[in-house]
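Enquirer: Attaching a single structure in structure tokens format; questions to follow.
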């Protein structure tokens, strides 16, 4: 059992300028740290340290690593950020209480995720690189998003031919997917060595504003599993055996079908309400996984 743990949240530690971020992302980062700290209150013999806002996040993180036994990384996947900080922890031979960098590298890339899910016969949303030189059927509905995006940032919904004219210049690599209607649900899970435990099923409620999805509310643990969701988690664990600890899985489902949309190898916003709604202490469970 580690005696000293660093909880590192990239955004609130000054990883990016808050001026360039939606308030929602900053607030979500704060809430996740507070909820995780509350989880660790039951461990009187474990010292928890956090990072305050700093001008040089990477340097400060690596200095803090020298003083702890373990680290819990909370960071967005885009631009390789989450993967990079997981790598730092691994190179320093610290216990990583989140998925390793190699698992992050796969799941952060939405095209690779699609390819692995498809190869494993897991129903997923058709995904390909967005290419401006191709003529897409503009009478169909499409979603265009960054290949490594987090949440619904820079995600564009195209439901009519006119919407294509409103697309901004896309600097990074983007993917394109058919827009599927249905409930936007998510699974909160625990993973280790190709096995999965479903923690709860959550309903995500979005609004569409200016061709973009905006998350308004998450109803954590909104229904019980009939066995289907645990099976989905197990299939994903088998397809991505390096996933570890808390993982969020985004789904789109209707009465007849359920599609895996994304895999988030980190704490998600749903985590904030799990102890209150489910009565499970995620920090305790992840520590148990790490020590098993």
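Only the coordinates and a few stated rules stand behind these numbers; no lab work does. Keep in mind that what you see is a predicted model, and the values were worked out from it rather than measured. Cβ coordinates were reconstructed from backbone atoms using ideal geometry, including for glycine residues, and neighbour counts include every protein chain displayed.
Enquirer: Given springs between every Cα pair under 10 Å in a Gaussian network model of the chain, which of 178, 168, 100 has the largest fluctuation?
Expert: Looking only at 178, 168, 100, the biggest GNM fluctuation is shown by 168.
Enquirer: Take every Cα-Cα pair in the range 243-283 and report what % of them are more than 15 Å apart.
Expert: I get 53 percent for the Cα pairs in the range 243-283 exceeding 15 Å.
Enquirer: To continue, here is another question. Could you calculate the FRET efficiency of residue 115 with residue 278 from 1/(1 + (r/R0)^6), where r is the beta carbon distance between them and R0 is 30 Å, rounded to 0.05?
Expert: FRET efficiency, residue 115 to residue 278: 0.40.
Enquirer: If you fit an axis through the alpha-carbon atoms of helix 23-40 and take the longest principal axis of the Cα set of the chain, what angle between them do you get, 0 to 90°, nearest 10?
Expert: It works out to around 40 degrees.
Enquirer: With 10 angstrom as the radius, rank 276, 266 by how many other C-beta atoms surround their C-beta, starting from the fewest.
Expert: Working: 276 11, 266 24.
So the ranking, lowest neighbour count to highest, is 276, 266.
Enquirer: Moving on. Any chance you could get the radius of gyration and Dmax over the Cα atoms of the range 4-98, in Å?
Expert: In order Rg, Dmax, the Cα atoms of the range 4-98 give 12.9, 39 Å.
Enquirer: Same structure again: Ranking 260, 26, 71 by Cβ neighbours within 10 Å, fewest first, what do you get?
Expert: 26, 260, 71
Enquirer: Using the Kirkwood radius over Cα pairs, work out the Stokes-Einstein diffusion coefficient for the range 191-292 at 10 °C and 1.306 mPa s, in µm²/s as a whole number.
Expert: D = 108 µm²/s.
Enquirer: Oh, and also: To the nearest 0.05, how large is the calculated FRET efficiency for residue 91 and residue 135 if R₀ is 30 Å and r is the Cβ-Cβ distance?
Expert: Rounded to the nearest 0.05, the efficiency is 0.05.
Enquirer: I want to check the label-to-label distance for residue 31 and residue 47. Put each point 7 Å from Cα in the C-beta direction and report it in nm to one decimal.
Expert: So the label points at residue 31 and residue 47 sit 3.2 nm apart.
Enquirer: Apply 1/(1 + (r/R0)^6) to the Cβ-Cβ distance of residue 84 and residue 183, taking R0 = 51 Å, and write down the FRET efficiency to the nearest 0.05. Before the final figure, lay out the partial values.
Expert: On the way: r = 34 Å, r/R0 = 0.67.
Efficiency, rounded to the nearest 0.05: 0.90.
Enquirer: For labels at residue 226 and residue 172 in the simple 7 Å Cα→Cβ model, what's the distance in nm?
Expert: Here the modelled spin labels are 3.7 nm apart.
Enquirer: Now, a different point. Could you give the semi-axes, largest first, of the ellipsoid that matches the range 101-234, computed as the square roots of 5 times the alpha carbon gyration tensor eigenvalues and rounded to whole Å?
Expert: Semi-axis lengths for the range 101-234 are 28, 19, 13 Å.
Enquirer: Give the Cα extents of the range 135-178 along the principal axes, in whole Å, largest first.
Expert: 27, 19, 17
Enquirer: Moving on to the next point. Based on the Kirkwood radius over alpha-carbon pairs, what is the Stokes-Einstein translational diffusion coefficient of the range 43-126 at 20 °C with 1.002 mPa s viscosity, in µm²/s? Let's see the in-between values first.
Expert: Working: Rh = 14.5 Å.
Rounded, D is 147 µm²/s.
Enquirer: Something else about it: Helix 110-119 against the longest principal axis of the chain: what's the angle in degrees, Cα atoms only, rounded to the nearest 10?
Expert: It works out to around 80 degrees.
Enquirer: Please express the Cα-Cα pair-distance distribution P(r) of the chain as a list of whole percents, one per 10 Å bin, running from 0 to the bin with the greatest distance.
Expert: 6, 28, 36, 22, 7, 1, 0
Enquirer: Quick check: the distance between the Cα centres of the range 62-76 and the range 221-262, to the nearest angstrom?
Expert: After rounding, the separation between the Cα centres reads 29 Å.
Enquirer: When 51, 280, 1 are ordered from fewest to most other Cβ atoms inside 10 Å of their Cβ, what list results?
Expert: On the way: 51 20, 280 16, 1 13.
So the ranking, lowest neighbour count to highest, is 1, 280, 51.
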